[in-house]
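One structure below.
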Amino acid sequence: MKYRWTSVAWSIVYLLLLLSLSTPFLIITTLFMIIPAALLFTTLNTRQFILTIAPVWLVLGLISPFYILIAAYLIVPALVMGWRYKKKATASSTILAGTITLLGEFLLLLLLGKTLFQFDLYNYVYDVLNEMRTMTLSPMQEFGVGNFLGGSSEDLSKNSRAFIQVIPMALIMSSFVITVITHSIVRPILNSMGYAVPKLKPARDWRIPKSFIWYYLIATVIQLFFFKSENSFMVMITANLVPLLRVCFIIQTIGFFFFIAHERNWNRVIPVMLAVMAIMLPPLWIIGIIDLVVPLREMVAKSKR
């Protein structure tokens, strides 16, 4: 694609998104931070891409060098996904590559913080929770309600360790969500610009390997054995693995809902509502397990005939 004004427009969006990181809107804008750079890298050649983002980085550098570090950090997954789009890679592999890249950067950031700056994650979480407890203590006491973070330092310490144990899952899910949002927005934009980008499989074809049932069973048994164990490593593994596998079963459940809706020619709103219910009502993920164990989809297809 020839360089055109849309590239300038996206570079401005890129600049505004990066600047938003110093505002309260960062919780929302972080989800869309990769989009402009991924679009620009996909639609421009290397020289045009550098000439487009160079002014953005120059402005950021004049405001604060810290913005340059953030921009450099966030551009890596954008380049990875943009390169996959240029190669016409499958949507699932592009999302996986973006997720792994983001996750790797998160872990690298924690490692560098620990080794170079002696950053203590436990103390940081403890201080944040302690500040939250202080802020909420007085209002709750007025209503005669106990503080949900606990009243003693021991309770706060336990909550801090509990938060740290689920950080791996939080990092994986946040990396995945950011990548999925990026793909969901970038793909239609690229298609409208004449770039053929593969899309994800229809929701009715979403399936996970049957082996996930055994992984879940093993993880659950280990969790029961190490529930009150002092082996923090095993507790952390099961505290993250079990919920992640349940998310996989939710995906399987959603796939089943869309499959039966397709086979029965239901209104498209129905499977969407069922999918929302599967996310909002955790027990529904059991349907995903049943769909793996019992050939429900084959039974539905046969009954249609």
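The values are calculated or read from the model by the stated rules, or taken from the named source; none is laboratory data. Everything quoted here is computed from the prediction, not taken from an experiment. Glycine gets a Cβ as well: all are built from the backbone with ideal geometry, and neighbour counts include every protein chain shown. Just the protein is used for accessible areas: all its heavy atoms, side chains included, with ligands, DNA and RNA removed. Shrake-Rupley method; radii C 1.70, N 1.55, O 1.52, S 1.80 Å.
Take the Cβ-Cβ distance between SER192 and LEU96 as r, set R0 to 25 Å, and report the resulting FRET efficiency rounded to the nearest 0.05.
Values: r = 25 Å, r/R0 = 0.98.
The formula returns an efficiency of 0.50 here.
For the pair ILE28/MET277, report the inter-label distance in nm, with labels modelled 7 Å from Cα in the Cβ direction.
With each label placed 7 Å out from Cα toward Cβ, I get 3.0 nm.
For the stretch 22-123, which trypsin sites (Lys or Arg not before Pro) pass both filters: DSSP loop (anything but H, G, I, E, B) and at most 10 other C-beta atoms within 10 Å?
Values: sites: ARG47, ARG84, LYS86, LYS87, LYS88, LYS114; in loops: LYS87, LYS88.
Listed in order of number, the matching sites are LYS87.
With the other protein chains left in place, how much accessible area per residue, in square angstrom, belongs to the stretch 203-304 at a 1.4 angstrom probe?
Working: 6470 Å² over 102 residues.
Each residue of the stretch 203-304 exposes 63 Å² on average to a 1.4 Å probe.
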